[in-house]
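Note sheet for the following structure.
The values are calculated or read from the model by the stated rules, or taken from the named source; none is laboratory data. What you see is a predicted model; the values in this text were computed from it and never measured. With ideal geometry, Cβ positions are generated from the backbone for all residues, glycine too; neighbour counts draw on all protein chains shown. In case anyone asks, the SASA skips ligands and DNA or RNA and just uses the protein heavy atoms, side chains included. Shrake-Rupley method; radii C 1.70, N 1.55, O 1.52, S 1.80 Å.
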Amino acid sequence: MEEAIANGRDPEEVRRAFGSMVRHREESRDIKLAVWLDSLRADMVFGWRQLVKKPATSAAAILSLALAIGACTSAFRLLDALLLRPMPVAHANRLYAMNLRGTGPDGSLRDSDSNEYPQFLMMRASVKEDAELIAASWVDRADLTYGSDEDMEKAHRQYVSGWMFRAFGLKPALGRLLAEDDDLKPKIHAYAVLSYDYWQGRFGQDPKVIGRRFQMGKDLYEIVGVAPDGFTGTEPGTFTDIFLPTMMHEGVTHDDWSWIRTFIQLEPGGNAERVRDRMQTIWNVVQGQRSKSFTSWPPERLKKFLNQRLLLKPASAGISDMGKSYRIALLALSVIVILVLLIACANVANLLTAQAAARAREMALRVSIGAGRWRLIQLVLVESWLLAVFATLIGCLFARWSAPFIVSRINPPDNPARLVLPADWRVMGFAMALTIAVTFLFGLLPALRASAVKPASALKGGGDPHSHRRLMHALIAAQVAFCFVVHFSASAFVSTLHRLSNQPTGFSSERLLVLETVAKRPQPTELWYQAADRLRALPGTESVGIAGWALLSGNGSNGFVSVNGALPHPLLDYFLNVSPRWLETMKIPLLDGRDLRPDDLTPGPDNLTTGVAIVNQAFAKEYFNGEDPVGKSFVRGKQHFNIVGFARDARYRNMREPITPTAYIPLRLPSPEALSSATFLVRTVSSNPLTLASTLRQEIARTRREFRVSNVRTQLEINEAQTIRERLLAMLAMFFGGVAVLLAGVGLYGVLDYSVLQRRRELGIRIAVGAPASDIARRVTVDVFSMVALGAVVGGGAGELLEPYVRSLLYEVKPSDWGILLLPSLIILVATLLAALPAVVRAIRIDSVAMLRAD
């Protein structure tokens, strides 16, 4: 048309003659698209034939990629479920959580999300124009019964604001949900809402559950509704079974009891910074008033405590301690599986590079008959895409099994973690994106190399073989570097687990059974002592003691101590209520003094009478310069204690903390105070204490009908629960370390084998002129070994750089430790030698006479 118009034709006449430009453009596009789709179909058929042509090689590439892709998908599912997936609530993107950052009451730096309920109500009133505040307690396991006390069972409960369901836009699956009117006055509306999952699993979706009552503690609750399917609470990692109004909690009237998390749901147009400022003002006023009673606090600590800064953190996915604890661990695991994926991609890239070299004549012929460069790139990328698709399909099957398996290993067996792990569009989208990324990771470079073929040179057989080897050697260096980082991490995690697991606890855990016991109504201490006496009389028991809780269970009681009339010491000390013979049961030696007696007393908080205590070595070192403390005294608040015993150090709360100053004080409290719960510790004669568990449970219940054992564990199980995260990380890191070294070894073998194949004429001539076997072996391996050494150095440096990011996961382990560096180096060295051996043997056995005769 342009040419006709330029030659003087009338533009209107030209347009009428040629017709619509839009129609011509569409026809042209259809022609081009049809041709491209046809070429794509042909390339897919050809790529499939190439895969089938070499089934062993293709299967090895697909399986190695599948394992890496499956691991990446599994890691994404865990990260998504625990940290990323928004809760199924309205306006989740406008949901924040209150967080305090600064110096806590114990003087340590903290990042806390706890709050007191009276303060929460004041904050809610101050920000009502910009946001709605929602209170939610931590999810905990509680005993309840729908019938008699003999039918007690456990369920996960959460106290929430009555208006939470309305603010979240949730509708009941059955009955009604909690409302604001249910949450206005303490202990008035004993209503409960079941989660859909609990209703389905416990009651089989029985609609008659509405109106049913259950006993929990002292309160009788009525079930009024069932929450919608999919909403499992605000703590990812735990499924809430029962939602209760916050006003049913004992702490709603206490301004010194931090037991709730505060969620902030911004109104449309609400200003987050203005909300934060108002909440900070309320916090400053409340804590400033409270601090006037903190007369025992050192001034410097009090000043730091009052300088804490309130932050609003995005909370669309909810908040959980599990998320905080496993965030860095999951990120570290993600880095490891990505490195394994890169190793697998480098392996397949080497394979495709070798194939591209072997197919140089084919590519030259394609160029000679008119194939463009993009056409060759498409041909190789389609073959790579087929590999990636098959690997992704198998990898998704692996992820379907592995993600739930990892979740099952997170918490103790009696309280496993639970995560929502659907195979929805988020997971499928990630898998598809990973497939595309993997295709380009291992396919693009070989495709570019194949498309750059020079027909004349290739058809004469004069291509540069060294260019392919240089690329393959570079990929080997990258593989080794990634492999070194993986094994470096695995070595650090295994060392951490070993050192934590072998920390001395200061007590004996062998043959020790822990029976957590509750009473329907608080019982005098004498009755608890009588139950212990009955257990001692049973055959198979060696000794019995009682404590407020088991050591290393995570529970604790602390306070500030003063001696000789001085101001309270800035260090928080731990306290544990124990019975006579508890030290004997735990096998904690007395260094001096005496054990507690049945008539020894712990005074009440306002009682000025003197009690007694046994202190540990850390206590004596902190307050009495390590001298024998027996006969001395200390004060905790208004409680006065005479030290009657001096015991060896024992760990109290966890394995990572240093042993802290600890005082063991009597279980007996001033009359008329009584105990509603305690823990019996029974050392058995049998090496398996659980064989006596049923008998002990029944005997405690027979002692007094009010007693009931709510949980039975061994002390060894409690100790092992301290290292669940470390054990999981070590196990997974070792597994992926094995996969990484296997893939790297296979890659090394492939490169060396290809090198021998390409250089067989040169090597045959050298053998013919008398080159010794050692010279042949050196020439075959020197380039690859130098790349291995380079990769190891780079990997070691990368491991050192990554150490600060995983420091919180390590315990008494430094990257510079010779053991941490030596193990990856030895593993890679052995793998390199094993991978090089077949290629060296093949090179040495080249028949130079037969080769020269063939030439």
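What the table below lists for this structure:
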read-out: Conditions (1) open to solvent by 10 Å² or more (accessible area, probe 1.4 Å); (2) among the hydrophobic types (A, V, I, L, M, F, W, C); (3) touching a strand residue (DSSP E or B) at 6+ places or on another chain (Cβ under 9 Å); number of the one not met by residue 718; value: (1)
read-out: Residue satisfying condition, being aliphatic (A, V, I, L, M), closer than 22 Å to residue 252 by Cα, touching a Leu at 6+ places or on another chain (Cβ under 6 Å) and touching a residue at least 40 places away in the same chain (Cβ under 8 Å), within set 97, 131, 136; value: 131
read-out: Residues that are among the β-branched types (Val, Ile, Thr) and open to solvent by 40 Å² or more (accessible area, probe 1.4 Å), drawn from segment 390-416; value: 394
read-out: Identity of the residue in segment 144-154, surrounded by fewer than 19 Cβ atoms within 10 Å (Cβ to Cβ) and touching a strand residue (DSSP E or B) at 6+ places or on another chain (Cβ under 7 Å), that ends up farthest from residue 227 (Cα to Cα); value: 149
read-out: Residue that is surrounded by the most Cβ atoms within 10 Å (Cβ to Cβ), among those in segment 526-575 that are polar (S, T, N, Q) and touching a strand residue (DSSP E or B) at 6+ places or on another chain (Cβ under 6 Å); value: 541
read-out: Filter pass, residue 576 being within 17 Å of residue 661 (Cα to Cα), assigned to a loop (DSSP other than H, G, I, E, B) and among the aliphatic types (A, V, I, L, M); value: no
read-out: Filter pass, residue 601 being free of Cβ contacts under 8 Å to residues at least 60 places away in the same chain, among the hydrophobic types (A, V, I, L, M, F, W, C) and open to solvent by 10 Å² or more (accessible area, probe 1.4 Å); value: no
read-out: Residue 776 vs. criteria over 30 Å from residue 61 (Cβ atoms) and touching a residue at least 40 places away in the same chain (Cβ under 8 Å); value: no
read-out: Count of residues meeting criterion [hydroxyl-bearing (Ser, Thr, Tyr) and in contact (Cβ under 8 Å) with a residue 60 or more places away in the chain] in segment 198-214; value: 0
read-out: Qualifying residue in segment 811-820 (condition: at pLDDT 80 or above, closer than 24 Å to residue 759 by Cβ and β-branched (Val, Ile, Thr)); value: no
read-out: Answer from 807, 779 - the residue that is basic (Lys, Arg), surrounded by 16 or more Cβ atoms within 10 Å (Cβ to Cβ) and farther than 16 Å from residue 482 by Cα; value: 779
read-out: Residue match in segment 82-94 (condition: of a type in the set (S, T, N, Q) and modelled with pLDDT of 90 or more); value: yes
read-out: Selected residue (criterion: nearest to the chain's Cα centre (by Cα)) from residues of segment 200-259 that are of a type in the set (Ser, Thr, Tyr) and surrounded by fewer than 18 Cβ atoms within 10 Å (Cβ to Cβ); value: 258
read-out: Criterion: open to solvent by 10 Å² or more (accessible area, probe 1.4 Å), out of contact with any helix residue (DSSP H, G or I) (no Cβ under 9 Å at 6 or more places or on another chain) and either assigned to a helix (DSSP H, G or I) or farther than 30 Å from residue 435 by Cβ (or both) - qualifying residue of 45, 52, 89; value: 45
read-out: Residue count, segment 604-620 (criterion: open to solvent by less than 60 Å² (accessible area, probe 1.4 Å) and over 29 Å from residue 672 (Cβ atoms)); value: 4
read-out: Qualifying residue in segment 331-354 (condition: modelled with pLDDT under 90, assigned to a helix (DSSP H, G or I), surrounded by fewer than 14 Cβ atoms within 10 Å (Cβ to Cβ) and of a type in the set (S, T, N, Q)); value: no
read-out: Extreme residue, least open to solvent (accessible area, probe 1.4 Å), among residues of segment 576-598 that are free of Cβ contacts under 8 Å to residues at least 60 places away in the same chain and either more than 22 Å from residue 675 (Cβ to Cβ) or in contact with a Phe, Trp or Tyr (Cβ under 9 Å, 6 or more places away or on another chain) (or both); value: 580
read-out: Selection count where residues are of a type in the set (Gly, Ala, Ser) and closer than 19 Å to residue 633 by Cβ, scope segment 572-602; value: 1
read-out: Segment 206-226: number of residues that are touching a strand residue (DSSP E or B) at 6+ places or on another chain (Cβ under 6 Å) and in a loop (DSSP other than H, G, I, E, B); value: 2
read-out: Residue list for segment 264-286, filter: in a helix (DSSP H, G or I) and either touching a Pro at 6+ places or on another chain (Cβ under 9 Å) or open to solvent by less than 60 Å² (accessible area, probe 1.4 Å) (or both); value: 272, 275, 276, 279, 280, 282, 283, 286
read-out: Top-ranked residue of segment 816-844 - restricted to ones that are buried (at least 16 other Cβ atoms within 10 Å of the Cβ) and closer than 21 Å to residue 501 by Cβ, ranked as nearest to the chain's Cα centre (by Cα); value: 820
read-out: Per-region count, segment 805-842, residues in a loop (DSSP other than H, G, I, E, B), among the basic types (Lys, Arg) and in contact (Cβ under 8 Å) with a residue 40 or more places away in the chain; value: 0
read-out: Only one of 470, 521 that is out of contact with any Asp or Glu (no Cβ under 8 Å at 6 or more places or on another chain), modelled with pLDDT under 90 and open to solvent by 40 Å² or more (accessible area, probe 1.4 Å); value: 470
read-out: Top-ranked residue in segment 449-459 [being open to solvent by 60 Å² or more (accessible area, probe 1.4 Å) and assigned to a helix (DSSP H, G or I); ranked as modelled with the highest pLDDT]; value: 449
read-out: Matching residues, segment 287-326, being surrounded by fewer than 18 Cβ atoms within 10 Å (Cβ to Cβ) and at pLDDT 90 or above; value: 309, 311, 313, 314, 316
read-out: Scope segment 742-770; condition among the small types (Gly, Ala, Ser) and surrounded by 15 or more Cβ atoms within 10 Å (Cβ to Cβ); matching residues; value: 744, 745, 747, 750, 755, 764
read-out: Matching entry among 665, 659 (being open to solvent by less than 10 Å² (accessible area, probe 1.4 Å) and either part of a strand (DSSP E or B) or under 30 Å from residue 725 (Cα atoms) (or both)); value: 665
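Condition check ((1) closer than 26 Å to residue 422 by Cα; (2) not polar (S, T, N, Q)) across all residues:
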{"position": "182", "(1), (2)": "no, yes"}
{"position": "195", "(1), (2)": "yes, no"}
{"position": "203", "(1), (2)": "yes, yes"}
{"position": "220", "(1), (2)": "no, yes"}
{"position": "230", "(1), (2)": "yes, yes"}
{"position": "237", "(1), (2)": "yes, yes"}
{"position": "240", "(1), (2)": "yes, no"}
{"position": "247", "(1), (2)": "no, yes"}
